[in-house]
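Take a look at the structure set out below.
The values are calculated or read from the model by the stated rules, or taken from the named source; none is laboratory data. Bear in mind that the values here come from a model prediction, so they are computed numbers and not experimental data. Using ideal geometry, Cβ is built from the backbone for each residue, glycine included, and neighbour counts are taken over all protein chains shown. For the accessible areas, the whole protein counts, side chains as well, though only heavy atoms, and no ligand, DNA or RNA atoms are used. Shrake-Rupley method; radii C 1.70, N 1.55, O 1.52, S 1.80 Å.
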Amino acid sequence: MSESNESSDQPLSIVTGGAGFLGSHIADRLLSEGHKVVAIDNFLTGSPDNVAHLADNPDFELIDHDVTKYIDFPGKVDHVFHFASPASPMDYLELPIQTLKVGSLGTHNALGLAKSKGAVFLLASTSEVYGDPKIHPQTEDYWGNVNPIGPRGVYDEAKRFAEAITMAYHRSHGVDTKIIRIFNTYGPRMRLHDGRVVPAFIGQALDGEPLTVFGDGSQTRSFCYVSDLVDGIFRLSQSDLHEPVNIGNPREMTILEFAEKILALVDTDSKIEYKPLPEDDPKVRQPNIGRAQAEIGWEPRIPFEEGIVETINYFTKKTEN
Ligand code: NAD
Ligand code: UDP
């Protein structure tokens with residue numbers, strides 16, 4: 001496909017990290033919008049299984065490539081969605097250098113590709129740029145409270161650098177860039193053992209193992225279902241906005257409440273077991289979505305109770321196979 005797209009009117013989107021949880025859902029959405037999609041991934045934390053259902057789709061291509069190395073792509077490109085990066089704390093604590101490299105060198109290469117093709121560039125940033133926030137809920141004008149040399153710094157600072165270089169390419173080179181700050185998103189195609197709290201608790205409940213609540217479970221998160229997030233990403237990609245936009249579901253809960261909800265929804269004998277709180281674990285996290293509502297007409301639609309049941313059903317099928 002990449003050889004013959006020069007004269008096509010069909011939009012072509014590159015998705016780095018396209019074999020990951022979010023990247024694969026973005027690929028599905030873009031294909032349904034009539035785009036050709038090229039996923040570039042080195043399968044560091046993702047898997048070709050996530051896009052196996054697209055293998056016979058003539059509009060889809062999967063390229064095995066590490067985006068910290070120069071990205072050579074022939075023909076026209078209309079959009080670059082830069083999603084490559086380990087995203088789970090367990091993954092980025094195990095892969096600190098790769099995480100820093102993909103956020104810095106990988107973002108530089110992806111921006112260079114967008115610049116050379118005149119493509120729109122969209123960066124997957126994160127609520128982690130706010131660190132352990134001192135204002136609550138978090139608005140986009142908050143600069144954050146990040147420990148640069150703590151264990152989470154490899155991810156947080158890589159994303160902060162990624163935002164900085166994205167704005168520099170916009171201001172200095174006129175690239176049409178967008179930045180999305182993604183808050184905890186969950187749904188089918190998460191890895192069962194990636195350590196994030198949603199697959200961790202569901203997997204533990206399905207196996208009858210104790211649910212490992214870190215700390216006293218009073219820290220909060222706000223969980224967004226993946227289809228809502230993808231809709232926000234698509235809307236932002238079509239907009240004229242260059243400033244960062246929070247996309248997440250403002251419904252906030254404590255981790256203990258979340259564990260209790262999983263115990264109520266999964267048929268299990270599991271109990272709760274308390275484990276030490278990881279270093280620098282943010283105490284609260286909740287998006288203010290005023291900018292997304294005002295500028296791109298976005299707000300989440302899927303209630304937590306619906307999204308979590310979908311996700312439990314997905315993991316139930318996975319563990320049966
Ligand atoms: P994921 O681990 O499922 O996907 C990341 C993908 O990037 C994987 O397929 C991985 O193999 C690929 N990748 C990593 N390094 C690469 C490299 N050097 N070259 C090519 N591919 C590489 O995680 P996800 O949850 O889908 O996250 C996707 C993006 O969204 C990440 O940038 C993450 O920081 C961001 N994000 C996600 C969340 C969330 O709640 N899921 C929240 C905030 C930000
Ligand atoms: N957490 C937990 N038990 C687990 C995994 C995570 O209590 O087995 C907590 C973690 O300490 C954090 C929250 O759940 O407070 C969300 O963790 P996750 O790894 O999903 O992502 P984060 O929001 O910290 O990036």
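Worth pointing out:
- Cut-off 13 Å between beta-carbons: net charge of the residues surrounding Asp281, Lys and Arg +1, Asp and Glu -1: 0
- Accessible surface of the chain [probe 1.4 Å, protein heavy atoms]: carbon and sulfur percent: 50
- Springs between Cα atoms under 10 Å define the GNM used for the chain, and in it the highest mean-square fluctuation of Ile202, Ile262, Ile97 occurs at Ile97.
- Those aspartates and glutamates that a straight Cα-Cα span of less than 14 Å connects to Lys159, excepting residues fewer than 8 apart in one chain: Glu128
- When the pairs Lys69/Lys317; Lys69/Lys117; Lys134/Lys178; Lys261/Lys283 are compared against a 29 Å limit on Cα-Cα distance, Lys69/Lys317 fall above it.
- Cβ-defined net charge surrounding Leu30, 14 Å radius [Lys, Arg +1; Asp, Glu -1]: -3
- Rounded to whole numbers, the Karplus 3J(HN,Hα) couplings from phi for the range 262-278 are 5, 5, 6, 9, 9, 6, 8, 9, 4, 10, 9, 10, 8, 10, x, 6, x Hz, using 6.51 cos²θ - 1.76 cosθ + 1.60 with θ = phi - 60°, and x at Gly and Pro.
- Scalar couplings 3J(HN,Hα) for the range 294-310, obtained by applying the Karplus form with A = 6.51, B = -1.76, C = 1.60 to θ = phi - 60°, are 6, 8, 10, x, 9, 8, x, 10, 8, x, 3, 4, 6, x, 6, 5, 3 Hz; x denotes Gly and Pro.
- Over the range 85-237, relative contact order from alpha-carbon pairs under 8 Å, at least 6 apart, %: 27
- Each Lys or Arg adds one and each Asp or Glu takes one away; over the other residues whose Cβ falls under 12 Å from the Cβ of Ile302, this sums to -4.
- If you sort Trp143, Trp298 by accessible surface, 1.4 Å probe, largest first, the order is Trp143, Trp298.
- Three-way shape call for the range 245-291 based on the alpha-carbon gyration tensor, with the a/c threshold at 1.5: oblate
- Of Ser47, Ser13, the order by accessible heavy-atom surface (1.4 Å probe, DNA, RNA and ligands excluded), from most exposed downward, is Ser47, Ser13.
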